[in-house]
Amino acid sequence: MAPPLSILLLYAATPGSRTLSYQRGWPRELARHPRFRVTGVDIAGHPMAVGARLAGLGLTRRFDAVVLLHSVFSNGRELHWWAFDAVRRLTAPKAYFIGNEYKLMPEKMEFAEQLGIALLVSQSESPRVHALYRQRLKCEVAGIPNTGLDPDLFFPRRPRAERPIDIGYRGLEAPLYLGHDEKTEIARRWAEAAPRLGLAADISTDPGQRFTEEAWAEFLSRCKAQLGTEAGGDYFEIDDRTRHRFHAWLEDHPHPTLAAVRQDLFRDYPDPVPIRIVSGRQVEAAGTKTVQVLMRGEYGGYFAADEHYIPLEKDFSNLDEAAQRLRDDALCDRLTENAYAVAHDRLTYAKLLDRFADRLQPLV
């Protein structure tokens with residue numbers, strides 16, 4: 001077996017990442033994976049101090065690779081000035097886990113280009129998405145889900161019969177320029193239907209009601225079932241042209257509807273490239289043996305309708321039927337066992353990091 005790769009690991013433990021379990025999970029899991037020897041640096045501090053530390057590490061240690069996790073540049077760029085220059089000067093091959101592949105894409109492409117990224121890790125496993133990245137950056141591209149399963153944290157803490165919440169959900173409303181409002185609608189429709197269906201529900205898209213990683217694991221094990229949708233959108237773009245058009249369009253449409261957005265921005269859109277991905281929410285729910293009611297989709301090829309989850313049609317025409325299926329214990333047992341097996345066989349951080357190591361090793 002090859003010796004562990006010595007990597008300089010960069011991440012940003014910002015206050016905003018407290019409710020994003022994957023931004024906490026990746027640094028922790030990389031540090032304990034046997035194929036890596038990790039020197040981790042939290043870049044969330046002052047750029048001059050971070051830059052000085054990075055420059056010192058570059059002079060005193062030889063690294064096989066530099067790994068920049070999603071939190072380095074996801075909702076915003078966290079690597080600035082002296083710190084950025086210190087990383088740019090490092091000669092080891094660099095891998096960048098790109099996050100939120102629907103906004104600030106020109107800035108992220110320039111960031112990757114200036115750093116000389118050798119391996120871009122996308123949350124998408126779509127060949128069409130990867131081809132656009134390769135064309136723009138002339139680098140290697142790998143597709144790895146944005147969240148793995150930590151079995152020590154996400155496990156079935158109590159039997160389904162002892163869980164007090166029938167159906168739960170936490171999600172953030174997605175911008176309409178993604179081409180859909182599924183996260184908003186699934187929360188609204190089920191919250192409205194739950195009293196009529198006799199379901200005890202805990203459903204919210206309020207950012208203030210999101211959980212830390214540990215609290216999220218506990219919440220999942222208090223829920224018999226979870227709602228969910230594929231993450232991502234229907235119009236992947238490296239230049240953010242539709243995002244910019246949308247914000248300009250908002251000036252004349254201060255109260256936008258999805259129908260209006262589709263009519264004005266997407267009606268004549270040529271050959272769209274979707275970027276629909278499995279969410280960490282599904283991976284973690286599978287690990288806790290929580291039944292999943294998901295909008296029908298591919299979920300990266302990991303979870304299939306009627307095999308791993310109860311499918312919900314995107315027009316909600318089978319909502320009552322899906323709720324009735326939640327009362328079928330034999331069905332729920334089969335779905336949760338199947339999803340649990342997928343999460344453990346294919347989606348633990350350990351398995352995902354093996355995939356990453358396999359792609360990184362030839363570049364070292």
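The values are calculated or read from the model by the stated rules, or taken from the named source; none is laboratory data. The shown structure was predicted, so the numbers you read here are calculated from the model rather than taken from an experiment. Cβ: placed from backbone, ideal geometry, glycine included. Neighbour counts: every protein chain shown.
Scanning region 159-180 turns up one or more residues that are touching a His at 6+ places or on another chain (Cβ under 9 Å) and assigned by TED's automatic domain parsing to the domain that holds G208. Here K103 fulfils each of the conditions (1) modelled with pLDDT under 90; (2) surrounded by fewer than 20 Cβ atoms within 10 Å (Cβ to Cβ) apart from (1). Among the residues of region 9-22, are any among the hydrophobic types (A, V, I, L, M, F, W, C), touching a residue at least 24 places away in the same chain (Cβ under 8 Å) and surrounded by fewer than 19 Cβ atoms within 10 Å (Cβ to Cβ)? Yes: region 9-22 contains one or more residues that are among the hydrophobic types (A, V, I, L, M, F, W, C), touching a residue at least 24 places away in the same chain (Cβ under 8 Å) and surrounded by fewer than 19 Cβ atoms within 10 Å (Cβ to Cβ). Residues of region 289-343 that are under 19 Å from the mean Cα position of the chain (by Cα) and among the basic types (K, R): R296 alone. Please give the number of the condition Y96 fails out of (1) in a helix (DSSP H, G or I); (2) crowded, with 21+ Cβ neighbours inside 10 Å. Status for Y96: all satisfied but (1). Considering each residue of region 345-358 in turn, at least one proves to be touching a residue at least 60 places away in the same chain (Cβ under 8 Å), buried (at least 16 other Cβ atoms within 10 Å of the Cβ) and assigned to a strand (DSSP E or B). Can you find, within region 23-60, the residue that is surrounded by the fewest Cβ atoms within 10 Å (Cβ to Cβ) among those that are among the polar types (S, T, N, Q) and assigned to a helix (DSSP H, G or I)? Result: T60.
For the structure I just gave you, tell me whether E125 is in contact (Cβ under 8 Å) with a residue 60 or more places away in the chain, under 22 Å from E101 (Cβ atoms) and of a type in the set (D, E). Against the criterion (in contact (Cβ under 8 Å) with a residue 60 or more places away in the chain, under 22 Å from E101 (Cβ atoms) and of a type in the set (D, E)), E125 qualifies.
The residues of region 61-74 include none that are without any contact (Cβ under 8 Å) to a residue 60 or more places away in the chain and assigned to a helix (DSSP H, G or I). Residue pairs whose Cβ atoms lie under 7 Å apart, separated by 6 or more positions or on different chains, with the first residue in region 136-159 and more than 10 Å from V121 (Cβ to Cβ) and the second of a type in the set (F, W, Y), are T147/Y22; G148/Y349; L149/Y349; D150/Y349.
Against the condition within 21 Å of Q282 (Cα to Cα) and in a loop (DSSP other than H, G, I, E, B), how does F219 come out, does it pass? Answer is no for this residue. Take the residues of region 107-140 that are of a type in the set (A, V, I, L, M) and part of a helix (DSSP H, G or I): which is farthest from E78 (Cα to Cα)? Taking the candidates together, the pick is A131.
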